[in-house]
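Nothing in this text is a laboratory measurement; each read-out follows from the coordinates by a stated rule. These figures come from a predicted structure and were not determined experimentally. We place every Cβ from the backbone using ideal geometry, glycine too, and count neighbours over all the protein chains shown.
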Amino acid sequence: MKRVVFVCTGNTCRSTMAEALFRKILQDLKKHKEIQVESYGIAAIEGQPASENAKKVMEMEGIDLSGHKARQFTQDVLEADIILTMTQSHKDYIIHRYPKAKGKVFLLGEFVGDNMEISDPFGQGIDVYKKAAEEIKHKLWKVIERLGKN
């Protein structure tokens, strides 16, 4: 089983939505037993809930984030097969702090070939969250394609 981890800053918006959306896609494709999905934040406050707008946007996708609790990125996460970050600075932080992570940490956009970052919607309106979720979902389908080729 592959272990895929999504990382952002606080693990209440982007990585949370990425984890939930990826898990749903895997369920829909009946691949949920092949890939373990998790999310973390490099500056997460342990136990924080998902942001209200992340919950609302995921609700529109048929996903319940009410039970989400933020988790801090730690050295244990390095056991993952692939670590996908929302921004280049998240990737740089992880590699600087954990040099042995090099080669398994990628900017989500880099992993799917567009190198685009996912902007942080934290504290902004629902439309900004929707846009972030759509960008993430689009990239996740490309992640599925790439993992299917390996």
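Only residues that are among the acidic types (Asp, Glu) and either in a helix (DSSP H, G or I) or closer than 14 Å to ILE118 by Cβ (or both): list them for the range 19-59, please.
Hits for the range 19-59 are GLU19, ASP28, GLU52, GLU59.
Okay, residues lined up against (1) in contact with an Asp or Glu (Cβ under 6 Å, 6 or more places away or on another chain); (2) under 14 Å from ALA20 (Cβ atoms); (3) not polar (S, T, N, Q):
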site: VAL37; (1), (2), (3): yes, yes, yes
site: ALA43; (1), (2), (3): no, no, yes
site: ASN53; (1), (2), (3): no, yes, no
site: GLY67; (1), (2), (3): no, yes, yes
site: ASP81; (1), (2), (3): no, no, yes
site: HIS96; (1), (2), (3): no, no, yes
site: ALA101; (1), (2), (3): no, no, yes
site: LEU108; (1), (2), (3): no, no, yes
site: ASP114; (1), (2), (3): no, no, yes
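So in the range 11-59, with the set limited to residues that are over 20 Å from MET1 (Cβ atoms) and of a type in the set (Lys, Arg), which one is surrounded by the fewest Cβ atoms within 10 Å (Cβ to Cβ)?
Restricting to residues being over 20 Å from MET1 (Cβ atoms) and of a type in the set (Lys, Arg), the top hit is LYS56.
In a helix (DSSP H, G or I), free of Cβ contacts under 8 Å to residues at least 40 places away in the same chain and in contact with a Ser or Thr (Cβ under 9 Å, 6 or more places away or on another chain): which single residue out of GLU135, GLU145, GLU117 fits that description?
GLU135
Could you check the range 86-102 and list, in sequence order, the residues that are more than 14 Å from the chain's Cα centre (by Cα) and in contact (Cβ under 8 Å) with a residue 40 or more places away in the chain?
Answer for the range 86-102, where residues must be more than 14 Å from the chain's Cα centre (by Cα) and in contact (Cβ under 8 Å) with a residue 40 or more places away in the chain: TYR93, ILE94.
Has the range 67-83 got any residue that is assigned to a loop (DSSP other than H, G, I, E, B), in contact with a Leu (Cβ under 6 Å, 6 or more places away or on another chain) and not aromatic (Phe, Trp, Tyr)?
Looking for residues that are assigned to a loop (DSSP other than H, G, I, E, B), in contact with a Leu (Cβ under 6 Å, 6 or more places away or on another chain) and not aromatic (Phe, Trp, Tyr), one finds none in the range 67-83, hence no.
Answer with yes or no whether ALA101 is surrounded by 15 or more Cβ atoms within 10 Å (Cβ to Cβ), touching a strand residue (DSSP E or B) at 6+ places or on another chain (Cβ under 7 Å), of a type in the set (Gly, Ala, Ser) and closer than 17 Å to GLY41 by Cβ.
yes
Is there any pair with a first residue in the range 56-73 that is within 21 Å of ASP28 (Cα to Cα) and a second that is hydroxyl-bearing (Ser, Thr, Tyr) and surrounded by 15 or more Cβ atoms within 10 Å (Cβ to Cβ) whose Cβ atoms are under 6 Å apart and which are 6 or more apart or on different chains, and what are they?
Taking only residues 6 or more apart or on different chains, the pairs are VAL57/TYR129; HIS68/THR16.
Quick one: would you say THR16 is outside any helix (DSSP H, G or I) and in contact (Cβ under 8 Å) with a residue 12 or more places away in the chain?
For THR16, the condition - outside any helix (DSSP H, G or I) and in contact (Cβ under 8 Å) with a residue 12 or more places away in the chain - is not met.
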